[in-house]
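*Asks:* Questions regarding the structure given below will be posed in turn.
The values are calculated or read from the model by the stated rules, or taken from the named source; none is laboratory data. Note that the structure is predicted; figures quoted are calculated from it, not measured. Because the Cβ atoms are built from the backbone with ideal geometry, glycine has one as well, and the counts that use them run over all protein chains shown.
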Amino acid sequence: MDLISSAGSILKQLRAAVPDAVVIDLTRQPSPGREVAIAIRAGKTIKHLPILFVDGDPEKVEAIRRMLPDAAFTTRSRLNAALKKARPVENPVRPPPMMERFGNRTTAQKLGITAGMRVAVVDPPADYERVIGALPERGNDRRASARGSEDYAVVHARSGFVPGAPGPDAEPGGAQPALDPVA
């Protein structure tokens, strides 16, 4: 059994050496595991792979079960038995892509910005507030400092952007403007 730690290389490695099954541990970071499983089902050559989810928060497991009903769900103690029963999926379910699943959410929700968070925005485009949409209710601390006390930072980089270099909005003497607090 190989353990693959880089999310960016998982699908490439699965296509190069198709395994008998894919085991996804939901006890840590279930969202990336869910997205890998969805990408497997969307693939042409690997969509029939048996997918086994192991453990995890019951609410998150149930949400994934609804999205991928053809996957197997088991516990760590029963994993060996579940692997012995695993067979290729004849008619794999193909959940909608992420942007379709989350199309009704605001950009702030898609970014994981929640009520009470302090958000710093660095070098935003002119229409930033229109694009990001409604932000959740702001916390009591409406100022995000440039000292790293923010819960979330959104940095916009443009072609030729060099961190720390004076930009077009630089103050006299080359100083960069302070972070623009959103929440």
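*Asks:* List the number of the failed condition for S31; all other conditions in (1) closer than 23 Å to E100 by Cβ; (2) touching a strand residue (DSSP E or B) at 6+ places or on another chain (Cβ under 6 Å) hold.
*Replies:* Exception for S31: condition (2).
*Asks:* Could you give every pair whose Cβ atoms fall below 9 Å, whose first residue belongs to region 69-85 and is assigned to a helix (DSSP H, G or I), and whose second residue is of a type in the set (F, W, Y), counting only separations of at least 6 or pairs across chains?
*Replies:* Taking only residues 6 or more apart or on different chains, the pairs are A82/F73.
*Asks:* Of everything in region 98-134, what is among the aromatic types (F, W, Y) and over 20 Å from the mean Cα position of the chain (by Cα)? Give them in sequence order.
*Replies:* Across region 98-134, the qualifying residue is only Y128.
*Asks:* Could you list, in sequence order, the residues of region 108-120 that are of a type outside the set (A, V, I, L, M) and loosely packed, with under 14 Cβ neighbours inside 10 Å? Write out each step before concluding.
*Replies:* If we filter region 108-120 for residues that are of a type outside the set (A, V, I, L, M), which is where we start, we get 109-110, 112, 114, 116, 118.
If the condition is that a residue be of a type outside the set (A, V, I, L, M) and loosely packed, with under 14 Cβ neighbours inside 10 Å, then G112, G116 are the ones that fit.
*Asks:* Looking at region 63-71, can you tell me whether even one residue there is more than 14 Å from A37 (Cα to Cα) and loosely packed, with under 15 Cβ neighbours inside 10 Å?
*Replies:* No.
*Asks:* Does A21 satisfy the condition of being in contact (Cβ under 8 Å) with a residue 60 or more places away in the chain, farther than 30 Å from A153 by Cα and either surrounded by 13 or more Cβ atoms within 10 Å (Cβ to Cβ) or among the polar types (S, T, N, Q) (or both)?
*Replies:* Considered against the rule, which asks whether it is in contact (Cβ under 8 Å) with a residue 60 or more places away in the chain, farther than 30 Å from A153 by Cα and either surrounded by 13 or more Cβ atoms within 10 Å (Cβ to Cβ) or among the polar types (S, T, N, Q) (or both), A21 comes out as yes.
*Asks:* Is it fair to say L52 is over 18 Å from the mean Cα position of the chain (by Cα), assigned to a helix (DSSP H, G or I), assigned by TED's automatic domain parsing to the domain that holds R28 and surrounded by 12 or more Cβ atoms within 10 Å (Cβ to Cβ)?
*Replies:* Details: over 18 Å from the mean Cα position of the chain (by Cα): yes; assigned to a helix (DSSP H, G or I): no; assigned by TED's automatic domain parsing to the domain that holds R28: yes; surrounded by 12 or more Cβ atoms within 10 Å (Cβ to Cβ): yes.
No; evaluated as a whole, the condition is false for this residue.
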